[in-house]
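The values are calculated or read from the model by the stated rules, or taken from the named source; none is laboratory data. Keep in mind it's a predicted model, so treat the numbers as computed, not measured. Backbone-built Cβ (ideal geometry, glycine too); neighbour counts: all protein chains shown. Heads up: the accessible areas ignore ligands, DNA and RNA and are worked out on the full protein's heavy atoms, side chains in. Shrake-Rupley method; radii C 1.70, N 1.55, O 1.52, S 1.80 Å.
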Amino acid sequence: MPCRAARRLYKALGRRGTFLAILGVGKTCWGVSFLVTPPEDHGLQLLTDLCSLRHWSWLWIVCGLVTFGSAFLRIGRDKLGFLAAFIPPTVWALAYTVAVITGDYSRGGFVAIWYLTSHVGVIWWASTVPEYSVPPAPRPPRRGKAP
């Protein structure tokens, strides 16, 4: 019975929806971790100058919930989910980049590149993947005289 429910859920979500659901749960959990036990603000001074990491955790939580909710929308209407998934890692990458430029956190450049590639880049790529990709039909052989 659980396998049948999982197949039904996957069929309802599709490839893009499954990606958004996984990403949404991950972003929400990441935000909750900042809310429950905020880490040190190494490299995030740009953000913590505005408000604490507990407040910034809500960016991850809200965007994660929007991303998760968009997983159940039809293709073409799920753009908001990809946009919501894109925002928090972009903000974090920007903060780490500023920390490198100002000399506050030398390791921030590597962290910023990690956010830009493994988060932002993957989200951009996934947003362009069609739900169902069908290989082109094979061409029939040409009839006629051989050269």
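With the checklist (1) in contact with a helix residue (DSSP H, G or I) (Cβ under 8 Å, 6 or more places away or on another chain); (2) of a type in the set (S, T, N, Q); (3) more than 24 Å from V129 (Cα to Cα) in hand, flag the one item T67 doesn't pass.
Unmet condition: (3).
Does the range 90-99 contain any residue that is open to solvent by 50 Å² or more (accessible area, probe 1.4 Å), at pLDDT 95 or above, in contact with a helix residue (DSSP H, G or I) (Cβ under 6 Å, 6 or more places away or on another chain) and closer than 15 Å to G17 by Cα?
no
Condition test on E40, is it in a loop (DSSP other than H, G, I, E, B) and touching a Gly at 6+ places or on another chain (Cβ under 6 Å)?
Answer is no for this residue.
Go through the residues of the range 21-39 one by one and say whether even a single one is open to solvent by 60 Å² or more (accessible area, probe 1.4 Å), within 30 Å of G103 (Cβ to Cβ) and more than 20 Å from the chain's Cα centre (by Cα).
Within the range 21-39, one or more residues are open to solvent by 60 Å² or more (accessible area, probe 1.4 Å), within 30 Å of G103 (Cβ to Cβ) and more than 20 Å from the chain's Cα centre (by Cα).
Of everything in the range 42-66, what is open to solvent by 100 Å² or more (accessible area, probe 1.4 Å), free of Cβ contacts under 8 Å to residues at least 24 places away in the same chain and under 15 Å from V32 (Cβ atoms)? Give them in sequence order.
Selection gives R54, H55.
One residue is enough: does the range 67-74 have a residue meeting the conditions among the aromatic types (F, W, Y), more than 16 Å from the chain's Cα centre (by Cα) and either surrounded by 12 or more Cβ atoms within 10 Å (Cβ to Cβ) or in a loop (DSSP other than H, G, I, E, B) (or both)?
No.
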